[in-house]
Amino acid sequence: MQYLTQENADDLNFIKQILHKSGFLNVQNIIRLQSGSRSVAYYADDYIVRFPKAEIIWQTMKREKSIIDMIHPYLVPTFANKIQKIDLIESEYPFSVSKRFYGKICDGRPQSDYATLYQNLTSKQQARLARDLALFFNLMHQIDYKNLNISEPNEAIDNWDITSRKDFNFEKVQNSLSSHKINLNDYRVQSPNMTVALCHNDLSGSNILLNPENDDVLSGVIDFGNTVVMPKFQDFFPLYKISRNLAVDTLAEYNKITISPIEQRQIDFMVLSYIGFGLAQNKDEASPYFMKLLKPFL
């Protein structure tokens, strides 16, 4: 197997040839998408195709397919057409293919044909989005993962609970936050909810697709490659990258339907610890990324 390089990834005729050789003879229109460092993605008529950039990414995509196949029955019909199965094509240049979602990412990029901003949604759309995400989390967290063959990740995945790190120093983190008049102790929870569940673990703006033309604004949830069994409160962290308001509203809706509610302060404590740790590590220059996460708390 071979993997795309920067040079041939930009050659749309080359991509079309790969698809035609793999049996997608009717595909005509290829549009390259903005994608991360792990894969190269394209719209191919009514499909989305993703080419891994390395063997380890291809193995992660195989794991993702396996997970989606197992959990799909638990998520439909509630999320029918919003969670698509994927197929893997093991050609000379391997790739995954799924039906195309007609939606925009919401990761803070400027408004465009490809991206939308959470703050530009109507209040009705924001409320509907919070309810749908809460329902998605609740369905995920209710899956009896012990009866499923959930494999271990092929590579290290994000652990948002920075307090579990050996180099986490509460005093240093508190000092970095105190300069912004935040006392981390104010967010401590006496009896935190440590319920373990199957979690998406990466429900950030790049993996939530929105259609701002509809009141039913959530059009798709993608990228289950980081799905893992972990304390379920951590699953809410990536929403803070979009908006703390979205995270707060989603948790409030979640607590209405779950049998195991979570205090908002518990998640805030995790997020502030993450921010404070980052600021302490870069004390000579405040990172715009961490300051953006911190701003809603100020």
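A short reminder: the numbers here are calculations on the coordinates, not readings from a lab. None of the values given here were measured: they were computed from a predicted structure. Here the Cβ is made from the backbone with ideal geometry for all residues, glycine too, and neighbour counts use every protein chain on show.
For L272, L33, L117, what's the fewest-to-most ordering of other Cβ within 10 Å of each Cβ?
Ordered from fewest to most neighbouring Cβ atoms within 10 Å, L272, L33, L117 come out as L33, L117, L272.
Relative to the present Cα-Cα distance, how much length would full extension add between Y43 and E155 at 0.36 nm per residue of separation?
Fully extending the segment from Y43 to E155 adds 37.6 nm.
Using only Cα atoms, figure out Rg for the range 66-195 and give it as a multiple of 2.2 N^0.38 Å.
1.44
Give me P(r) over the chain, computed from all C-alpha to C-alpha distances, binned every 5 Å, as integer percentages.
1, 5, 11, 14, 16, 16, 14, 11, 6, 3, 1, 1, 0
So for F233, F170, fewest C-beta neighbours within 10 Å to most, what's the order?
F170, F233
Compute the long axis of helix 123-142 from its Cα atoms, compare it with the longest principal axis of the Cα atoms of the chain, and write down the angle in degrees, 0 to 90, nearest 10.
90 degrees
Can you give me the long-range amide H partners of C199? Hydrogens built in the peptide plane at 1.01 Å from N, cutoff under 5 Å, separation of 5 or more residues or another chain.
V228, V229, M230
Taking N as the number of residues in the range 120-259, what is its Cα Rg relative to 2.2 N^0.38 Å?
This ratio for the range 120-259 stands at 1.15.
With θ set to phi - 60°, apply the Karplus curve 6.51 cos²θ - 1.76 cosθ + 1.60 along the range 171-181 and write out the HN-Hα couplings as whole Hz, x wherever there is a Gly or Pro.
Whole-Hz 3J(HN,Hα) from phi for the range 171-181: 4, 5, 5, 4, 5, 5, 7, 5, 5, 9, 6.
For the range 163-202 and the range 22-84, write down the distance between their C-alpha centroids in whole Å.
When both Cα centres are located, 34 Å separates them.
In terms of the Cα gyration tensor, with a ≥ b ≥ c the square roots of its eigenvalues, is the range 71-129 rounded because a/c is under 1.5, prolate because a/b exceeds b/c, or oblate?
Oblate.
Quick one: give the max-minus-min coordinate of the C-alpha atoms of the range 207-267 along each principal axis, largest first, in Å.
Principal axes ranked by extent give 34, 26, 22 Å for the Cα atoms.
Would you mind checking which residues have amide H under 5 Å from Y47's amide H? H placed 1.01 Å from N; only 5 or more apart, or other chain.
R100
With a point put 7 Å past each Cα toward its Cβ, work out how far E55 is from V189 in nm, to one decimal.
The answer from the label model is 4.3 nm.
Can you pull a Stokes-Einstein diffusion coefficient for the range 6-99 at 25 °C (0.890 mPa s), Rh from Kirkwood over Cα pairs, as a whole number of µm²/s?
The diffusion coefficient I find is 175 µm²/s.
With everything on Cα atoms, drop me the angle between helix 264-281 and the longest principal axis of the chain, reported from 0 to 90° to the nearest 10.
Between helix and principal axis, roughly 80 degrees.
Say each of Q28 and K292 gets a label point 7 Å from the Cα, pointing the same way as Cα to Cβ; how far apart are those two points in nm?
3.9 nm
Once R0 is set to 22 Å, what does the formula 1/(1 + (r/R0)^6) return for the Cβ-Cβ distance between D10 and N81, expressed as a FRET efficiency to the nearest 0.05?
Efficiency at R0 = 22 Å is approximately 0.10.
With a point put 7 Å past each Cα toward its Cβ, work out how far S112 is from Q2 in nm, to one decimal.
Here the answer is 2.9 nm between the modelled labels.
Taking the Cβ-Cβ separation of A127 and E90 as r and a Förster radius of 51 Å, what is the calculated FRET efficiency to the nearest 0.05?
0.70
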